[in-house]
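Student: After the structure tokens below, expect a handful of questions from me.
Derivation of every value follows stated rules applied to the coordinates shown; laboratory data play no part. Predicted model only: the values in this text are computed from it and were never measured. When we count neighbours, we look across all protein chains shown, and the Cβ atoms used for this are built from the backbone with ideal geometry, even at glycine.
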Amino acid sequence: MEIVESIILGAVQGLTEFLPVSSSGHLQIAKELLGVEIEDNLAFDITLHAATVLSTFVVLWSEIWRILKGLFTPHINDEKRYILKLIISMIPIGIVGFTVKDHIDAMLSSSYIMLIVGGMLICTSLLLSFAYYARPRQKESISYRDAFIIGISQSIAAMPGLSRSGTTIATGILLGNNKGAVATFSFLMVLAPILGETLLSVVKDGFTLEGVSSAALAAGFITSFVVGCLACKYMINIVKRGKLIWFAIYCAVAGAVALASYFI
């Protein structure tokens, strides 16, 4: 893989991680268009995901710091409850990670990956449409039950092409939660799972991947981080304004293109 190709893929990952359009699906589409073949697809994708996690820390640092400070108080407070909700939301994806990680890796390297991506992008489109037109009663805060259900939706979004942010945000909105609160919760709940997955990948494979130089990997990581910072900052505002329908339309078109590329 050339450095320019890694930069393009990093930009795609950084932009689409926070937009509800599936970063994993767009990475596969971008690789297909660029003619990039990587022996260890999942490890490369995890590296780019780690960069967007870092961008989340940068953009949402004030919120993260406020929550962390709440841990050092002697009594039960909203910050401790929030952290518990985040932990509860991570349980489903942890189970999926330990049970079907190899199957997902095999999927990413399969000949029918574009068929899966296309179908899941269309599913993302339908889910975002439901969330856009739904008018549930707004709750004051995310409950423990809702946190677990949103966590289940995140685990389902491990499927390539099914947007993680789109699925979790749409699920939270359909459950009646505040749009801005759901967006922030969605971005925070993925931090520990991706960091854990990145650590496991580094322990297993080291810092180099077959067919990807260290320079190309670094270029992709930096690009993903910079673009991710911009996308994370503006996505929360977009969700608050409720303009998810445009992303639903885009996902439908992108899914159709992916399916066409497989069958044609």
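Student: What trypsin sites (Lys or Arg not before Pro) in region 53-123 are in a loop by DSSP, with at most 15 other Cβ atoms within 10 Å of the Cβ?
Tutor: For trypsin sites (Lys or Arg not before Pro) across region 53-123 that sit outside H, G, I, E and B with at most 15 neighbouring Cβ atoms in 10 Å, the list is empty.
Student: Continuing with this model, one more query. I want to verify the translational diffusion coefficient of the chain in µm²/s; compute it with Stokes-Einstein, Rh as the Kirkwood radius over Cα pairs, at 10 °C and 1.306 mPa s.
Tutor: 86 µm²/s
Student: Roughly what would the spin-label model give for LEU115 and LEU195, points 7 Å off Cα along C-beta, in nm?
Tutor: 3.9 nm
Student: Within the set of other residues whose C-beta is less than 15 Å from the C-beta of ARG241, count the net charge using Lys and Arg as +1 and Asp and Glu as -1.
Tutor: Charge balance near ARG241 sits at +4.
Student: Could you work out the helix-only [θ] at 222 nm for the chain, with each DSSP H run of four or more residues adding -39,500 (n - 2.57) and the total divided by the number of residues, to the nearest 500 deg cm²/dmol?
Tutor: That calculation yields -26000 deg cm²/dmol at 222 nm.
Student: Could you work out how far apart the two model spin labels at GLU63 and GLU32 are, taking each label as a point 7 Å from the Cα in the direction of the beta carbon, and quote it in nm?
Tutor: 3.2 nm
Student: Something else: With contacts defined as alpha carbon pairs under 8 Å and 6 or more residues apart, what's the relative contact order of region 3-263 in percent?
Tutor: 39 percent
Student: Right, something else. Just in region 1-98: which GluC sites (Glu not before Pro) are loop by DSSP and have at most 11 other Cβ atoms within 10 Å?
Tutor: GLU37, GLU39
Student: OK, next. Using Cβ counts within 10 Å as a stand-in for footprinting exposure, how do ARG241, ARG137 rank, fewest first?
Tutor: Result, fewest neighbours first: ARG137, ARG241.
Student: While we're here: What lysines does LYS243 reach when the alpha-carbon gap must be under 16 Å and sequence neighbours fewer than 8 apart in one chain are set aside?
Tutor: Partners within reach: LYS179, LYS233.
Student: Using Cα pairs under 8 angstrom and six or more residues apart, how large is the relative contact order of region 1-116, in percent?
Tutor: 24 percent
Student: Next question. Using the Cα centre of region 3-263 as the reference point, and only Cβ charges (+1 on K/R, -1 on D/E), how large is the resulting charge dipole? Debye, rounded to the nearest 20.
Tutor: I would put it at about 1400 debye.
Student: Using only the alpha carbons, work out the radius of gyration and Dmax of region 223-263 in angstrom.
Tutor: Cα radius of gyration and Dmax of region 223-263 are 13.7, 38 Å respectively.
Student: Cut-off under 19 Å on the C-alpha distance; same-chain residues fewer than 8 positions from LYS101 excluded. Which lysines are left, in chain and number order?
Tutor: Reachable lysines: LYS204.
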